[in-house]
Each structure stands twice: as C-alpha cells, then as structure tokens.
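Visitor: If you scroll down you'll find the structure; I have some questions about it.
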Amino acid sequence: MIRIAIANQKGGVGKTTTAINLATALAASGHRVLLIDSDPQGNASTGVGVERDARARSIYEVLLGDCDIAHAARPTRVPNLDLVPATQDLSAAELELAELPDRAHRLDQALDAAPDRWDVCLIDCPPSLGLLTINALVGANNLLIPLQCEFFALEGMSQLLRTVDLVRERFNRDLSILGVALTMYDRRNRLSEQVADDVRAVVGKLVFETPVPRNVRLSEAPSHGLPALIYDHRCPGSEAYIALAREVIERLPAMRIAA
Ligand code: ADP
Ligand code: MG
C-alpha cells in the first residue's frame, strides 16, 4: 500500500480539502483508497459524511493499540473509499503517546499490520508538528504539502522541511516529498501568481503543475457531508483535484500499475 501523508503545520491551508478530494479522485480512477483522519477536529470524517455517532472506533484507538486498522476502517458513501475516522479523543493522544517507548511508530506499525485491502492510504494531519504528524511522517512513504497562495505561504516551510530531515534521519529513510500543491489560487490576483513563482523558485519541480483555484464549491461541499467531487464534479475545484490526482499517479509508478 502506498502511504501519503498530507501535512503542513499551518492551519487552514487546504490539507483536509486536498485529502478528501484527492482520495475521492483516486477512488474514482479505480484505486482502493483508505483515508485516515488524524486531526482531532475530525473535518475529514465529517467531509466524507461519517457522523460523530458512527465513529466508535477511530484512529485514537488504533494509535493506542486498542483496535487495528481493519476494524477502525469503515466504508463511506464514495465507492472504493474507506475511512478511519477521528474524534476529539485524539487531542489527548499527543500526551498519551508521549509516554510510550515506540511513540513515533504507532501508525507505521498499525499500517504494517493492515490487510491488503487498499492500494493507497492518505493521512490527513493536524495543524502542528506534534506526535500525530510525526506518526504520519514515520508511517508514510510520501509527503504531499498543501501550500496556500498567500503572502506568508513559505513561512513555516523550512521548519516543515527540517522536520522531514529529522524524521528521515531518525525514523524513516524511505520518506520522500511527493510534491507541493498550491491551494486557493486566484488567477485574478497578482499575489497568487507571485507566491506561486516564489514557491517554484524555492522547491522547483516539486510543485504540482495544477494549482487548486479558490472555489466556493470546495468550501460548501463538507457541510453536505460530500466530497466536492461528488457534490459538484464539474466545478473548477473538482476539476483541479482530478488533474492533481493524475499528477500524483504520474509521480508514483506503483500507482500506475495498480490502476
Ligand atoms: P486545513 O485542513 O489545512 O486546516 P482546510 O482544507 O480545512 O484546511 O481548508 C480551510 C478552509 O478553507 C475550509 O473552510 C475549506 O473549506 C476552505 N478551502 C480549502 N480549500 C479551498 C479552495 N481551494 N477554495 C475555497 N475554499 C477552500
Ligand atoms: Mg484539516
């Protein structure tokens, strides 16, 4: 199973929106996808229509060793897309994990033990570089970084890249950066264009060619418990995520075979 962490310690940059819609686009192209919600806010769970009362088994139990992935995963309304949900309990996990000797490897171990039921797993991270994000980076082999096209976009990038280096040195040599996805891009705004140029100057070809436009349909969809790709599959945001999924598949040879 290919494992992709979606991380950026900044909040509100489009991590969850990217996780939900990329997962849906990959599922629609025939991949069996597991979405793991690893943010105590549970926005990815809500966004694919899994209500709070359907979250009895969640990533919290998985991280603490009380449940395995196979039992925590549940189907969603999207064919080919399963979810391991998150609850607010997860906010306590940072502290509880800190007590454990293998605290950075809990998710990795759980994924190693998961059945061969999925081709790809996407992990939606919380807006911090704490143990939840570390677990995602240790458990993943790829990192996708959503970057919002605003003035402070690159601020925080160097800290994130230092964390990636640290994870590589200490825990997971296999972690590679899959790419940087520009989000909330506004063609009419010169700033967006300039930020995109700046980001390309710093991380070069890591930037995906498809920018995700600012599109109100993407922000409306979660309140209907639906990925934008299902809520309105022809809106510019959905089209961008379909194109982004194509780029992701291009960058991951193993996924081309799976498709
Ligand atoms: P994060 O998970 O990084 O905190 P979210 O994906 O939750 O970020 O996005 C933050 C807010 O911005 C949400 O309300 C979301 O609906 C909205 N949003 C995200 N991407 C877009 C976009 N491309 N266009 C419009 N709104 C967006
Ligand atoms: Mg989020």
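Visitor: Amide H neighbours of S176 under 5 Å, counting only residues 5+ apart in sequence or on other chains, H built in-plane at 1.01 Å?
Guide: Under 5 Å from the amide H of S176 lie the amide H atoms of N142, L143, each far enough along the sequence or on another chain.
Visitor: Could you list the trypsin sites (Lys or Arg not before Pro) in region 95-128 that lie in coil according to DSSP, counting only those with at most 14 other Cβ atoms within 10 Å of their Cβ?
Guide: Sites meeting the loop and neighbour criteria: R117.
Visitor: For I36, which sequence-distant residues (separation of 5 or more, or a different chain) have an amide H within less than 5 Å of its own amide H, given hydrogens modelled in the peptide plane?
Guide: Those lying under 5 Å, H to H, from I36 are V84, L122, I123, D124.
Visitor: Kindly provide the GluC sites (Glu not before Pro) of region 84-124 that DSSP labels as loop, not H, G, I, E or B, and whose Cβ sees at most 15 other Cβ atoms within 10 Å.
Guide: Qualifying residues, ordered by number: E99.
Visitor: Can I ask one more? Please arrange V248, V216 by counting, for each residue, the other beta carbons lying within 10 Å of its beta carbon, fewest first.
Guide: Ordered by Cβ neighbours within 10 Å, fewest first: V216, V248.
Visitor: Just to check I understand the Karplus step: with θ = phi - 60° and J = 6.51 cos²θ - 1.76 cosθ + 1.60, what whole-Hz values come out for region 64-77, glycine and proline as x?
Guide: So the J values, rounded to whole Hz, are 8, x, 8, 7, 9, 4, 4, 8, 7, 6, 9, x, 10, 5.
Visitor: In whole percent, what relative contact order does region 67-118 give with Cα contacts below 8 Å and a gap of six or more residues?
Guide: 42 percent
Visitor: Continuing with the same structure: Rank L244, P101, G179 by how far each Cα sits towards the positive end of the charge dipole of the chain (+1 on Lys, Arg Cβ; -1 on Asp, Glu Cβ) and give me just the farthest.
Guide: L244
Visitor: Moving on. Give me the percent relative contact order of region 89-189, please, defined on Cα pairs under 8 angstrom at least 6 residues apart.
Guide: Relative contact order for region 89-189 comes out at 29 percent.
Visitor: Still on this structure: Below 8 Å between Cα atoms, with a sequence gap of 6+, how large is the relative contact order for the chain in percent?
Guide: Relative contact order, the chain: 26 percent.
Visitor: Next question, about the same structure. Using DSSP to call loops (not H, G, I, E or B), can you name the trypsin sites (Lys or Arg not before Pro) in region 187-259 whose Cβ has at most 16 other Cβ atoms within 10 angstrom?
Guide: Those that pass, being in a loop and sparsely packed, are R187, R188, R234.
Just so you know, all these numbers are worked out from the coordinates, no wet-lab data involved. Predicted, not measured: the structure shown is a model, and the values here were computed from it. We place every Cβ from the backbone using ideal geometry, glycine too, and count neighbours over all the protein chains shown.
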